[in-house]
Amino acid sequence: MSKLKDKVAVITGANSGIGLASAKLFLKEGAKVVLSGRRAEALAEASKDLEGDFITVIADVSKDEDNKRLIQESVARYGKIDILFLNAGIAPVSPTSGITAEHYHQIFDINVKGPILTVTEALPHLNDGGTILFTNSIVHQKGFEGLAVYGASKGALRAYSRVLTNEVKSRGIRVNSIAPGPIYTPLYDKMGLSQDVVEEMGKGFAAANPLGRFGTPDEIANTALFLASDDASYINGVEIEVDGGFSQI
Ligand code: NAD
């Protein structure tokens with residue numbers, strides 16, 4: 001199979017969860033992949049199992065100079081970029097009464113500023129007819145307790161992606177977002193919650209979901225592949241919920 005033969009893909013947050021599953025699938029489909037993450041050990045560990053033409057770039061999406069370097073190193077290795085997949089994100093929890101400036105800046109720097117400035121850096125190096133993908137979330141469609149700033153960050157990204165879609169239309173660049181529902185990834189261990197709370201939350205999410213379960217990173221990667229490939233050649237500006245129907249009921 002080679003739905004992405006010789007396409008150059010840059011993926012942020014590629015050492016774990018959805019980003020890693022997507023990197024593996026893109027490589028299998030013939031893409032040349034730049035895997036980016038901020039943790040050197042995680043990136044080294046993740047790349048052990050990978051086969052194909054890839055490089056890794058250590059970059060923190062909250063740092064402007066790192067976003068610039070990510071694109072520079074990608075272009076230096078592979079030339080122009082065809083697929084820019086802005087996937088890195090965090091989801092720390094806080095009740096609205098406890099939101100601090102630090103909580104706000106941490107989430108917005110990584111989930112909003114990072115992808116926006118990476119796009120700015122990448123645009124001159126994106127091939128016309130290329131594609132930009134965001135991993136967004138269904139959180140901005142529902143009022144999950146404790147996820148106010150996270151939800152706001154993903155809502156902001158959705159608004160941004162609509163304008164971007166309009167501004168890159170003359171170059172034939174498609175811009176789409178994936179809105180995962182609850183997906184089994186290490187994200188939940190990083191939310192600052194105890195294991196018991198995470199397990200209870202997981203049961204609640206599964207019970208409220210029409211398909212009665214969490215999704216898998218591979219199910220999101222399959223959607224990313226579809227949106228990045230010519231199979232989705234007339235799909236532009238959308239956000240696709242991949243959530244078992246959670247957001248629809
Ligand atoms: P994950 O924790 O496995 O992956 C997140 C990735 O982002 C990791 O590779 C991490 O290293 C990277 N990252 C975090 N901060 C970074 C930074 N400052 N610079 C560079 N990389 C950074 O979790 P995941 O579930 O695979 O998350 C991927 C995306 O999916 C996120 O944007 C998240 O908001 C979104 N999402 C996840 C779920 C879910 O249920 N897992 C649901 C909806 C949306």
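What residue among Gln195, Gln106, Gln141 has the largest mean-square fluctuation in a Gaussian network model of the chain, using Cα springs under 10 Å? Of the options given, Gln195 has the highest mean-square fluctuation. Of Val75, Val34, Val163, the residue with the greatest mean-square motion in the GNM of the chain, using alpha carbon springs below 10 Å, is Val163.
Report, in deg cm²/dmol and to the nearest 500, the calculated mean residue ellipticity at 222 nm for the chain, where each DSSP H run with n ≥ 4 adds -39500 (n - 2.57) and the sum is divided by the residue count. Walk me through the intermediate numbers first.
Details: 8 runs with 97 residues, N = 249.
Only helices count here, giving -12000 deg cm²/dmol.
Counting only lysines at least 8 places from Lys28 when in the same chain, those with an alpha carbon closer than 23 Å to its own are Lys3, Lys5, Lys7, Lys48, Lys80. Taking Cβ atoms as reference points and 15 Å as the exclusive limit, the residues near His125 contribute a net charge of +3, counting Lys and Arg as +1 and Asp and Glu as -1. In this structure, Val198 and Asn236 have a Cβ-Cβ separation that, at R0 = 41 Å, corresponds to a calculated FRET efficiency of about 0.70. Principal axis extents of the Cα atoms in the stretch 48-114, from largest to smallest and rounded to whole angstrom, are 47, 27, 19.
Once the Cα atoms of helix 64-78 and of the chain are each reduced to a long axis, what angle between those two axes, in degrees from 0 to 90 to the nearest 10, is obtained? Rounded to the nearest ten degrees, it is 40.
Each Lys or Arg adds one and each Asp or Glu subtracts one; over the other residues with Cβ under 12 Å from the Cβ of Asp64, this totals -1. Per-residue extension of 0.36 nm, minus the Cα-Cα distance of Ala207 and Asp53, leaves a gain of 51.3 nm for this segment.
Label point of Asn222 set 7 angstrom out along Cα-Cβ; within the stretch 78-93, no amide nitrogen lies under 11 Å from it.
In sequence order, the stretch 227-238 has phi-based couplings of 5, 7, 9, 5, 4, 10, 4, 10, 9, 8, x, 9 Hz under the Karplus curve 6.51 cos²θ - 1.76 cosθ + 1.60, θ = phi - 60°, and Gly or Pro positions carry x.
Using a simple charge model, +1 on the beta-carbon of Lys and Arg, -1 on the beta-carbon of Asp and Glu, nothing else, what dipole does the chain show about its Cα centre, in debye to the nearest 20? Numbers along the way, then the final one.
On the way: 25 positive and 30 negative charges, 109 e Å.
Approximately 520 debye in magnitude.
For every other residue with a beta carbon closer than 15 angstrom to the beta carbon of Glu239, add +1 if it is Lys or Arg and -1 if Asp or Glu, then tell me the sum. Don't skip to the end; give the middle numbers.
Working: positive: Lys142, Lys154, Arg158, Arg162, Arg174; negative: Glu241, Asp243.
Its environment carries a net charge of +3.
Using only alpha carbons, the stretch 8-237 has a radius of gyration to Kirkwood radius ratio (Rg to Rh) of 0.95. For the stretch 161-233 versus the stretch 34-112, the inter-centroid distance based on Cα atoms is 16 Å.
In this simple spin-label model, placing a label point 7 Å from the Cα along the Cα-to-Cβ direction at both Tyr184 and Gln72 gives a separation of 4.1 nm.
Every number here is computed from the coordinates shown, using simple stated rules; none is lab data. What you see is a predicted model, and the numbers here were worked out from it, not measured in a lab. Here the Cβ is made from the backbone with ideal geometry for all residues, glycine too, and neighbour counts use every protein chain on show.
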